[in-house]
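Undergrad: Have a look at this one.
The values are calculated or read from the model by the stated rules, or taken from the named source; none is laboratory data. Everything quoted here is computed from the prediction, not taken from an experiment. Here Cβ is always computed from backbone atoms with ideal geometry, including for glycine, and neighbour counts include all displayed protein chains.
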Amino acid sequence: MPEVAAIRRGHQGLRAMSEELQVLSPQGRLDADSSPELTRQAHELIGKGGRRLLLDLKDLYYISSAGLRAALSLAKEMSAAGGRLAISSPNPQVMEVFDISGFVTVIDVHASAESATARLMED
């Protein structure tokens with residue numbers, strides 16, 4: 001796992017940043033109320049040159065269609081910027097939403113942050 005340069009608490013949870021990998025950790029619910037803040041934080045990281053973004057969902061217990069749209073939009077933006085997005089550690093209910101919606105065929109979803117990080121760091 002890459003060395004983390006700094007960790008700050010943001011509205012969406014811990015945000016760990018290094019030159020190689022950025023991590024956003026939404027907490028609680030990712031819905032119409034909270035997804036704009038996640039998107040804002042991700043845009044900030046992308047704007048600073050971040051090209052490997054991990055959404056660590058270990059503390060997320062609910063995701064709505066607005067949260068799914070935010071994740072899909074970020075995946076598309078990362079791809080357009082020449083980067084990658086991966087999702088890690090969804091609980092069984094959140095994973096079921098990803099499965100039912102078909103997002104697992106579009107977004108790289110991993111059971112652990114370690115697995116997602118390894119995939120993101122591949123050249």
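Undergrad: Considering the range 56-89 alone, what residues qualify as being part of a loop (DSSP other than H, G, I, E, B) and surrounded by fewer than 23 Cβ atoms within 10 Å (Cβ to Cβ)?
TA: Answer for the range 56-89, where residues must be part of a loop (DSSP other than H, G, I, E, B) and surrounded by fewer than 23 Cβ atoms within 10 Å (Cβ to Cβ): LYS58, ASP59, SER64, ALA81, GLY82, GLY83, SER89.
Undergrad: Could we say that ALA116 is surrounded by 19 or more Cβ atoms within 10 Å (Cβ to Cβ), in contact (Cβ under 8 Å) with a residue 60 or more places away in the chain and assigned to a helix (DSSP H, G or I) here?
TA: yes
Undergrad: Testing GLU20 on (1) in contact with a Leu (Cβ under 8 Å, 6 or more places away or on another chain); (2) crowded, with 16+ Cβ neighbours inside 10 Å; (3) of a type outside the set (Val, Ile, Thr), one condition comes back false. Which one is that?
TA: Failing condition for GLU20: (1).
Undergrad: Separate question: When the residues of the range 1-41 are narrowed to those that are assigned to a loop (DSSP other than H, G, I, E, B) and within 19 Å of VAL97 (Cβ to Cβ), which ends up modelled with the lowest pLDDT?
TA: GLN12
Undergrad: Among the residues that make up the range 42-55, is at least one of them part of a loop (DSSP other than H, G, I, E, B), more than 15 Å from VAL23 (Cβ to Cβ), under 14 Å from the mean Cα position of the chain (by Cα) and not basic (Lys, Arg)?
TA: no
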